[in-house]
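K.L.:
Handing you a structure now.
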């Protein structure tokens, strides 16, 4: 990608912040075509018409009820006919696939009607996405890719944690959807988020710490509900809020985050060059189609996380705590950074401080002093951002 789209490497526009993200949607049953010069393709009969290489490591098509690790890094052999990316960037590009997992542990299946489960599983899974991610990582000689093994029907990591209410719009969904939103009790939902959502989140954060470019691979249906044919590839980089209202939803992330930084998750020149490279190889491309990125997607969340992580590094260098700072002040500053970096909205402590700072809610007497010190620390960080 870097060799063929952004020559020379010093002109890569998405290197402004520590992490830039691009999400690609592939039509898994499109006509045979070459994806970039790397010889990765999507076709009706890939096993017969293309050389995909070994696929033993791919996840099973059927539901797996074993309790597999929720997230894995999968090593791939370099494709000798591929197009290796420059060695200097090989460890700075990350590929992930979050919606092609088959795992629904047996402990969550009690009481779930089998017919409802299998229909939702078939509809929700991004069939073939891991095949594309594996072939792309192999063609670029990246060494590995990251995959989520947990089935999307059980847990959608591309959304904020929570339970989706009935009749919610597709882009307004939460991580736990029908049928499990209906059949799991409160304890099971907490267990699902703690044992699966949180480890996936930790693995993603670890991957993003060193990534300049993150590519998420998804698949979608060949045709729209109106029977019109969808493009073979869609490059999705625009959040839903900016797409619909030209701004981030109010109150979703901390107001210190400049909303315009999340207008796109990657430089538009990069997206245009990717599209041009695909079109030159006879692959029909669209952008932000058939829908934009939900705010709960890792692509949007990571923009906010990367910004505050970058600010923290700068702030702690220029305004470190004095060696004799009291424990309460150290605790308060740690609470503020934890709140700002809590972009997956999993911390009750962060939510408590957030509501105290921005909605002026009361806190209990034991925490009042720490929260007052935290407000002072927050104001210092705010002044640092606004001054620079």
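The values are calculated or read from the model by the stated rules, or taken from the named source; none is laboratory data. On a predicted model such as this, the values are computed, not experimentally measured, just so you know. Please note: Cβ atoms are built from the backbone with ideal geometry, for glycine as well, and neighbour counts cover all protein chains shown.
K.L.:
Within region 275-290, is even one residue part of a helix (DSSP H, G or I) and buried (at least 21 other Cβ atoms within 10 Å of the Cβ)?
P.N.:
yes
K.L.:
Would you tally the residues in region 137-171 being closer than 17 Å to residue 183 by Cβ and not in a loop (DSSP other than H, G, I, E, B)?
P.N.:
Going through region 137-171 one residue at a time, the tally reaches 2.
K.L.:
Find the residue count for region 318-360, including only residues that are surrounded by 12 or more Cβ atoms within 10 Å (Cβ to Cβ) and in a helix (DSSP H, G or I).
P.N.:
Selection size over region 318-360: 24.
K.L.:
Does residue 269 fit the bill of being in contact (Cβ under 8 Å) with a residue 12 or more places away in the chain and under 30 Å from residue 350 (Cβ atoms)?
P.N.:
no
K.L.:
Just to be sure I understand the filter: pairs with C-beta atoms under 8 Å, separated by 6 or more residues or on different chains, first member in region 322-338 and without any contact (Cβ under 8 Å) to a residue 12 or more places away in the chain, second member surrounded by 12 or more Cβ atoms within 10 Å (Cβ to Cβ). Which pairs pass?
P.N.:
Partner pairs satisfying both residue conditions: 330/321.
K.L.:
Could you please find all residues in region 222-250 being part of a loop (DSSP other than H, G, I, E, B) and touching a residue at least 24 places away in the same chain (Cβ under 8 Å)? Steps first, answer last, please.
P.N.:
Narrowing region 222-250 to residues part of a loop (DSSP other than H, G, I, E, B): 222, 224-228, 230-232, 237-238, 246-250.
Correct list: 222, 224, 230, 231, 232, 237, 238, 248, 249.
K.L.:
So, of the residues in region 43-63 that are within 26 Å of the chain's Cα centre (by Cα) and within 21 Å of residue 145 (Cα to Cα), which turns out to be modelled with the lowest pLDDT?
P.N.:
Across region 43-63, the extreme among qualifying residues is 52.
K.L.:
Right, here's the next one. Name the pairs whose Cβ atoms lie under 9 Å apart, with the first residue in region 71-94 and under 16 Å from residue 131 (Cα atoms), the second modelled with pLDDT of 90 or more and surrounded by fewer than 17 Cβ atoms within 10 Å (Cβ to Cβ), and 6 or more positions between them or separate chains?
P.N.:
73/144; 74/144; 75/143; 75/144; 76/143; 76/144; 78/84; 78/143
K.L.:
Let me ask another. Name every residue in region 90-136 that is assigned to a helix (DSSP H, G or I) and surrounded by 18 or more Cβ atoms within 10 Å (Cβ to Cβ), in order of residue number.
P.N.:
Correct list: 108, 117, 120, 121, 129, 130, 131, 132, 133, 134, 135, 136.
K.L.:
Would you check if there is a residue in region 300-312 being part of a helix (DSSP H, G or I) and farther than 30 Å from residue 195 by Cβ? Walk me through how you get there before you give the answer.
P.N.:
First pass over region 300-312, keeping only residues part of a helix (DSSP H, G or I): 300-312.
Checking which are farther than 30 Å from residue 195 by Cβ leaves us with 310-311.
Yes, there is a match, as at least one residue in region 300-312 is part of a helix (DSSP H, G or I) and farther than 30 Å from residue 195 by Cβ.
K.L.:
Related question: For region 166-196, which residues satisfy the criterion of being farther than 26 Å from residue 72 by Cα and surrounded by fewer than 17 Cβ atoms within 10 Å (Cβ to Cβ)?
P.N.:
Answer for region 166-196, where residues must be farther than 26 Å from residue 72 by Cα and surrounded by fewer than 17 Cβ atoms within 10 Å (Cβ to Cβ): 166, 167, 168, 169, 170, 172, 182, 183, 185, 186.
K.L.:
For region 212-223, which positions are closer than 13 Å to residue 142 by Cβ and surrounded by fewer than 21 Cβ atoms within 10 Å (Cβ to Cβ)? Break it down stepwise before answering.
P.N.:
Start the filter on region 212-223 by keeping residues that are closer than 13 Å to residue 142 by Cβ, which leaves 212-215, 217.
Result: 212, single match.
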